[in-house]
């Protein structure tokens, strides 16, 4: 079995290190695994990152472009937000690869767009490291009965302390429109699993 693990980073951040540990464990157990990242900092041969200088520069710039877009929304939620709007140009290579399974991890910071994820046509496993996959642009949101991620992102339930464009709603609607392909969800905690159901 051939696995391709997708992660924004290889060693930067907890989710990246978790993806790297999984990747190394698969290899140690005799499976063929490749890891594809947007920004590569390690020297592991089994991890693929941008090779050409313009692609490396764009990998560094893309997160800033996403955060510049987020400035159009004023939110009372100080937690990181990812609009995932800029296409990656990776989907064709992913779909044409010899991988049997694509394993998504933390793929934000404009590594993959919402639409990119929806165009992957190989069996998908997604390990959620936060709430982003079922929320708007936010990575964590309140877990209460009025939470937008539970009730849908409507104009009427937008928090009073949100101003400007409702990017959370826009991202949520894009996910609903583009994510129709089946995927297997994995969560590292019971709480996150319960949020998904």
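Quick note: the coordinates plus some simple rules give every number you see, no bench work behind them. Computed from a prediction, not measured in an experiment: that's the story for all the values here. Cβ coordinates were reconstructed from backbone atoms using ideal geometry, including for glycine residues, and neighbour counts include every protein chain displayed.
Based on the Cα gyration tensor of the chain, what are the three equivalent ellipsoid semi-axes, each the root of five times an eigenvalue, rounded to whole Å and given largest first? Write out the running numbers ahead of the final one.
Values: eigenvalues 166, 72, 45 Å².
After scaling each eigenvalue by five and taking roots: 29, 19, 15 Å.
Taking only C-alpha pairs under 8 Å that are 6+ residues apart, what is the relative contact order of region 92-170 in percent? Please report the intermediate quantities before stating the final value.
Details: 61 pairs, mean separation 19.3, N = 79.
Contact order relative to length: 24 percent.
Go ahead and set up a Gaussian network model of the chain, Cα springs under 10 Å, then flag whichever of 78, 87, 63 fluctuates most.
Maximum among the listed residues: 78.
With labels modelled as points extended 7 Å from the Cα through the Cβ direction, what inter-label distance (nm, one decimal) is found for residue 74 paired with residue 178?
2.8 nm
Quick one: of the DSSP bridges fully inside the chain, what percent are antiparallel, nearest 5? Don't jump to the answer; show the numbers that get you there.
Values: 3 of 23 bridges.
Just about 15 percent of them are antiparallel.
List 43, 130, 168, 100 from most exposed to least, where exposure is judged by having the fewest other Cβ atoms within 10 Å.
Sorted ascending by nearby Cβ count, the order is 43, 100, 130, 168.
Could you give the radius of gyration (one decimal) and Dmax (whole number) of the Cα atoms in region 120-197, in Å?
Taking only Cα atoms of region 120-197, I get Rg and Dmax of 13.3, 41 Å.
Give me D for region 11-85 in µm² s⁻¹, whole number, from Stokes-Einstein with Rh from the Kirkwood sum over alpha-carbon pairs, 25 °C and 0.890 mPa s.
169 µm²/s
Could you calculate the FRET efficiency of residue 155 with residue 55 from 1/(1 + (r/R0)^6), where r is the beta carbon distance between them and R0 is 41 Å, rounded to 0.05? Before the final figure, lay out the partial values.
Values: r = 39 Å, r/R0 = 0.95.
So the FRET efficiency works out to roughly 0.60.
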